[in-house]
1. So Asp191 fits all but one of (1) part of a helix (DSSP H, G or I); (2) at pLDDT 95 or above; (3) surrounded by fewer than 23 Cβ atoms within 10 Å (Cβ to Cβ); what number is the exception?
2. How do the pairs read when you match residues in region 111-124 that are surrounded by fewer than 23 Cβ atoms within 10 Å (Cβ to Cβ) with residues anywhere that are modelled with pLDDT under 95 and assigned to a loop (DSSP other than H, G, I, E, B), using Cβ under 7 Å and keeping only pairs 6 or more apart or on different chains?
3. Being part of a helix (DSSP H, G or I), among the polar types (S, T, N, Q) and within 24 Å of Gly95 (Cβ to Cβ) is the filter here; which residues of region 1-48 pass it?
4. For region 87-110, name all the residues that are surrounded by fewer than 21 Cβ atoms within 10 Å (Cβ to Cβ) and β-branched (Val, Ile, Thr).
5. Would you pick out the residues in region 134-165 that are in contact (Cβ under 8 Å) with a residue 60 or more places away in the chain and more than 20 Å from the chain's Cα centre (by Cα)?
6. Looking at (1) outside the structural domain of Leu157 (by TED's automatic domain parsing); (2) surrounded by fewer than 20 Cβ atoms within 10 Å (Cβ to Cβ); (3) at pLDDT below 95, which one does Arg81 not meet, given that it meets all the others?
7. Among the numbered criteria (1) under 19 Å from the mean Cα position of the chain (by Cα); (2) outside any loop (DSSP other than H, G, I, E, B); (3) more than 22 Å from Thr275 (Cβ to Cβ); (4) touching a residue at least 24 places away in the same chain (Cβ under 8 Å), which one does Ala80 miss?
8. Would you tally the residues in region 39-49 being touching a helix residue (DSSP H, G or I) at 6+ places or on another chain (Cβ under 6 Å) and small (Gly, Ala, Ser)?
Amino acid sequence: MPRLGVIGWPVAHSRSPAMFRAAFEACSLEGWSYQRLPLAPELFAETVRALGASGFLGANVTIPHKQAALAIADRSSDAARAIGAANTLTFAAGGEIEALNTDAPGLIAALGRSPREMSALVLGAGGSARAAVWALLDAGAASVSVWNRTPERALELARELGARAVPSPIEADLLVNCTSVGLQRSATDADALNQLDLTADQVGSYAYVVDLVYGGPTHPGPTHLGPTHSEPTHPASTRFTPLLAAARSRGAITVDGLEMLVAQGALSFEHWTGTPAPLAAMRAGAQLEESPA
């Protein structure tokens, strides 16, 4: 029975299991399973090396392990090496580990339009931020700036990938949040934005806002159209992160973390199964509220 999973710390919030189970059912892939794998950083290398022998075919990787995932791999894609991070691992029968990065193409797919000639600001300096910066530059963005609460990390990422580190968020056409801010639902909207060094009015200056976090507090409000959707991307009363709530209330086109989750997960699914991803089923599965297991 092929086993898959998602590795993270924390990982209880992940909707990947529901999304992949929906995909298995839609494609009649009987016997496939997908589970959460909570793994502290100090246990990452030892545990991941043992997954193949435990029956795992592959695993998605989330915060904070994406750079470690690349480091542990025996083989990796050109994109993963250029980005310096991986989010998809495949375990070969002989024990070798292959690393891919589906975050980068997933971001462009979720955005729904080319970022060519756009200016972009990426918040964060972890594995997801590395993928976002690389993807935007590779797709022809006019400029990509990076902000992080630890300036040294933003400088390091910018130097390695050819972006520009900034001491505070600046104006741009596109804003991409690659931090975990918004994941904790206890913070108020103002507190969450403050952690990103932003105010609600500042958020309104961006034409496009992407938040990789999903599952924020409920924010009833008007429905906006996504960049490539003929139907609303969200019902009128749904869950938005504080960042997306502020952006949508000020007329920005927004893309939430679920769209990114589906886009990158579809690429992982196709890599592991050799079957075209059932996007509608995966999106429906990801939208299901699920109690952490």
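The values are calculated or read from the model by the stated rules, or taken from the named source; none is laboratory data. What you see is a predicted model, and the numbers here were worked out from it, not measured in a lab. We place every Cβ from the backbone using ideal geometry, glycine too, and count neighbours over all the protein chains shown.
1. Evaluating Asp191 over (1) part of a helix (DSSP H, G or I); (2) at pLDDT 95 or above; (3) surrounded by fewer than 23 Cβ atoms within 10 Å (Cβ to Cβ) leaves (2) as the failure.
2. Between residues of region 111-124 that are surrounded by fewer than 23 Cβ atoms within 10 Å (Cβ to Cβ) and residues that are modelled with pLDDT under 95 and assigned to a loop (DSSP other than H, G, I, E, B), the close pairs are Gly112/Gly226; Gly112/Pro227; Gly112/Thr228; Arg113/Pro227; Arg113/Thr228.
3. The initial filter retains those residues of region 1-48 that are part of a helix (DSSP H, G or I), namely 16-26, 41-48.
Narrowing the set further to residues that are among the polar types (S, T, N, Q) leaves 16, 47.
Scanning region 1-48 gives a single hit, Thr47.
4. Within region 87-110, the subset surrounded by fewer than 21 Cβ atoms within 10 Å (Cβ to Cβ) is 90, 92-96, 98, 105, 108-109.
Answer for region 87-110, where residues must be surrounded by fewer than 21 Cβ atoms within 10 Å (Cβ to Cβ) and β-branched (Val, Ile, Thr): Thr90, Ile108.
5. Residue satisfying the conditions is Glu160 alone.
6. In the conditions (1) outside the structural domain of Leu157 (by TED's automatic domain parsing); (2) surrounded by fewer than 20 Cβ atoms within 10 Å (Cβ to Cβ); (3) at pLDDT below 95, Arg81 misses (3) alone.
7. (4)
8. Number satisfying all stated conditions: 1.
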